[in-house]
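Peer 1: One structure is given below, represented as structure tokens, and several questions about it will come after.
The values are calculated or read from the model by the stated rules, or taken from the named source; none is laboratory data. Predicted, not measured: the structure shown is a model, and the values here were computed from it. Heads up, the Cβs are rebuilt from the backbone with ideal geometry, glycines too, and the neighbour counts pull from every protein chain shown. The protein model used for the area step is the full one, side chains on, heavy atoms only, and it has no ligands, DNA or RNA in it. Shrake-Rupley method; radii C 1.70, N 1.55, O 1.52, S 1.80 Å.
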Amino acid sequence: MNEFELISELTRSLPSNESVLVGAGDDCAVLKPVDPHQLVLFKTDAIVEGVHFDHDDPPEKIGRKALARCLSDVAAMGGAPTCALVTIGLPKQFDADQVKRIYAGLSDLARQYGVAVAGGETTASPDRIFLSISLLGKVDREHCVLRSGAKPGDAIFVTGELGGSRGGKHLDFEPRLEEGQWLAGHFNIHAMIDLSDGLAGDLRHLMHAGSVGAELRAGSIPISREAKLQAAGESSAKPPLLAALTDGEDFELLFTVASRDAVPLLDAWKARFPKLRLSCIGKVTATPGLKLRDENGLRELPTHGYVHFA
Ligand SMILES: [Mg+2]
């Protein structure tokens with residue numbers, strides 16, 4: 001199968017939605033103009049074999065992950081995804097079945113969240129597969145949540161459980177789209193980010209964007225079962241709390257709200273999302289720096305989030 005035969009097969013049944021007038025097959029996709037009451041979100045993200053996935057990972061999960069990462073970013077703005085373009089880089093000797101299965105996983109997730117795949121391209125890549133996704137989304141003007149709004153005294157919340165994602169969650173996490181839209185629509189969320197580089201690292205992004213500091217309570221940080229299992233089973237594994245603070249690719253939502261909203265939010269959350277844990281893990285401080293409170297008192301957090309090019 002050559003590249004053109006492959007493309008025609010891949011683009012035959014891509015998911016679409018009402019935002020797309022003309023999808024894959026023309027020189028450009030043609031989209032409808034957006035509602036003037038909404039803002040447009042625009043995101044790009046790439047995953048590379050050997051860095052973000054392994055050659056032998058199930059192909060459907062590779063495709064799914066590529067799109068899910070972008071969806072998670074849209075969730076972190078309080079938005080809804082609309083339309084994606086997909087570029088895939090393939091070595092000369094590609095496995096057509098693997099590529100079809102990558103597209104199948106990506107398309108299934110797109111359908112699940114009503115996202116159109118309006119085109120893309122395949123390109124040659126020296127020896128590894130990569131996937132690059134561009135994604136459009138929309139958000140109500142008054143509900144767009146940035147990283148920059150955290151205020152001293154805010155309560156800090158995180159969804160789900162953290163750490164140990166390399167055990168498998170990084171390939172099949174659920175982007176928190178419903179949760180992000182619900183939060184932005186029902187509460188005055190001051191700042192929000194999705195966790196890709198680890199709690200400590202991504203919290204620092206919120207702190208820098210808002211020119212504030214933060215104090216975390218060690219006992220309140222939700223540690224995943226996987227992080228605990230890894231710590232118990234591998235001598236080289238991080239202690240569970242450190243894994244929860246620094247492991248990448250959790251793709252949970254981290255956000256801050258005024259402290260008076262903390263209890264009403266927790267109550268409403270439990271009623272709306274009874275199966276997904278929500279934890280209040282600390283507070284925003286006026287003093288810069290990230291501190292951790294545990295049984296030994298308060299100390300500066302020496303650990304950093306996972307840094308890709310450290
Ligand atoms: Mg992000």
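Peer 1: How large is the charge dipole for the chain, taken about the Cα centre, if only the Cβ atoms of Lys, Arg (+1) and Asp, Glu (-1) carry charge, to the nearest 20 debye?
Peer 2: Value, rounded to 20: 1000 debye.
Peer 1: Also, quick follow-up: Using θ = phi - 60° and the Karplus curve 6.51 cos²θ - 1.76 cosθ + 1.60, what whole-Hz ³J(HN,Hα) does each residue of region 157-173 get, with Gly and Pro shown as x?
Peer 2: Running phi through 6.51 cos²θ - 1.76 cosθ + 1.60 with θ = phi - 60° gives 10, 9, 8, x, 10, 10, x, x, 4, 4, x, x, 4, 4, 9, 9, 5 Hz.
Peer 1: Here is a follow-up. Which value, in nm² and rounded to one decimal, describes the direction-averaged projected area of the C-alpha convex hull of the chain? Present the calculation step by step, with values, prior to reporting the outcome.
Peer 2: Details: hull surface 68.7 nm².
Here the figure is 17.2 nm², rounded to one decimal.
Peer 1: For region 1-86, state which trypsin sites (Lys or Arg not before Pro) are in a DSSP loop and have at most 14 other beta carbons lying within 10 Å of their beta carbon.
Peer 2: Numbers: sites: 12, 43, 61, 64, 65, 69; in loops: 12.
Those that pass, being in a loop and sparsely packed, are 12.
Peer 1: Out of residues 5 or more away from residue 82 or on other chains, whose amide H comes under 5 Å of its own, with H placed 1.01 Å from N in the peptide plane?
Peer 2: For residue 82, whose amide H was placed from the backbone, the distant partners under 5 Å are 136, 137, 138.
Peer 1: Could you pull out every residue, at least 5 positions away or on a different chain, whose amide H is within less than 5 Å of the one on residue 223? Hs are placed 1.01 Å off N in the peptide plane, and Pro or chain starts have none.
Peer 2: Under 5 Å from the amide H of residue 223 lie the amide H atoms of 162, each far enough along the sequence or on another chain.
Peer 1: While we're on this one: Okay, which of region 157-189 sit inside 18 Å, backbone N to the point 7 Å along the Cα-Cβ direction of residue 225?
Peer 2: Counting backbone N atoms under 18 Å from the label point, the list is 160-174.
Peer 1: Now for a different question. Place a +1 charge on the Cβ of each Lys and Arg in region 78-142 and a -1 charge on the Cβ of each Asp and Glu, then give the dipole magnitude about the Cα centre in debye, rounded to the nearest 20.
Peer 2: Magnitude of the dipole: close to 40 debye.
Peer 1: Compute the length gained on full extension between residue 211 and residue 96: take 0.36 nm times their separation in residues and subtract their Cα-Cα distance, giving the result in nm to one decimal.
Peer 2: Working: separation 115, 0.36 × 115 = 41.40 nm, distance 4.93 nm.
Working it through step by step, the gained length comes to 36.5 nm.
Peer 1: State which stretch of the chain is the longest one without any exposed GluC sites (Glu not before Pro), exposure meaning a DSSP loop state and at most 14 other Cβ atoms within 10 Å. Display every interim value, and only then the final one.
Peer 2: On the way: sites that count: 18, 234, 295.
With a cap of 14 other Cβ atoms within 10 Å, the longest stretch comes to 19-233.
Peer 1: Calculate, for residue 48 and residue 104, the FRET efficiency according to 1/(1 + (r/R0)^6) with r their C-beta to C-beta distance and R0 22 Å; round to the nearest 0.05. All intermediate terms of the calculation are to be shown ahead of the outcome.
Peer 2: On the way: r = 20 Å, r/R0 = 0.92.
The calculated FRET efficiency here is 0.60.
Peer 1: Now for a different question. First check a/c for region 160-310, with a ≥ b ≥ c the square roots of the eigenvalues of its C-alpha gyration tensor; if it is under 1.5, answer rounded, and if not, answer prolate when a/b is larger than b/c or oblate otherwise. Let's see the in-between values first.
Peer 2: Numbers: a/c = 1.58, a/b = 1.18, b/c = 1.34.
Oblate, since a/c reaches 1.5 and b/c is not below a/b.
Peer 1: On to the next question. Looking at 185, 135, 20, which one has the Cα that reaches farthest to the positive end of the dipole of the chain (charges on Cβ: Lys, Arg +1; Asp, Glu -1)?
Peer 2: 185
Peer 1: What spacing in nm lies between the two simple spin-label points modelled at residue 299 and residue 8, each 7 Å away from Cα in the Cβ direction?
Peer 2: Rounded to a tenth, the inter-label distance reads 6.6 nm.
Peer 1: Carbon and sulfur atoms: what percent of the 1.4 Å accessible area of region 204-272 do they account for? Please report the intermediate quantities before stating the final value.
Peer 2: Values: 1690 of 3120 Å².
The nonpolar share, carbon plus sulfur, comes to 54 percent.
Peer 1: Right, next: 7 Å from Cα along Cα→Cβ at both residue 148 and residue 258: what's the point-to-point distance in nm?
Peer 2: Result: 2.1 nm between the two label points.
Peer 1: With a/c under 1.5 counting as rounded, go ahead and sort region 50-130 into rounded, prolate or oblate using the C-alpha gyration tensor (a ≥ b ≥ c being the square roots of the eigenvalues; past the cut-off, prolate if a/b is larger than b/c, else oblate). Walk me through the numbers before you get to the answer.
Peer 2: On the way: a/c = 1.97, a/b = 1.81, b/c = 1.09.
Note, shape of region 50-130 comes out prolate.
Peer 1: Work out the length of the dipole vector of region 202-241 about its Cα centre, built from +1 on the beta-carbon of each Lys and Arg and -1 on the beta-carbon of each Asp and Glu, and round it to the nearest 20 debye.
Peer 2: Numbers: 5 positive and 4 negative charges, 15 e Å.
It works out to roughly 80 debye.
Peer 1: Okay, next question. Leaving out ligands and nucleic acids, note down the accessible area per residue over region 151-198 with a 1.4 angstrom probe, in whole Å².
Peer 2: Values: 1480 Å² over 48 residues.
Heavy-atom SASA per residue in region 151-198 reads 31 Å².
Peer 1: What pairs in 151/291; 65/151; 138/291; 43/151; 169/291 have C-alpha atoms more than 24 Å from each other? Display every interim value, and only then the final one.
Peer 2: Working: 151/291 16 Å; 65/151 33 Å; 138/291 35 Å; 43/151 26 Å; 169/291 28 Å.
Result: 65/151; 138/291; 43/151; 169/291 exceed 24 Å.
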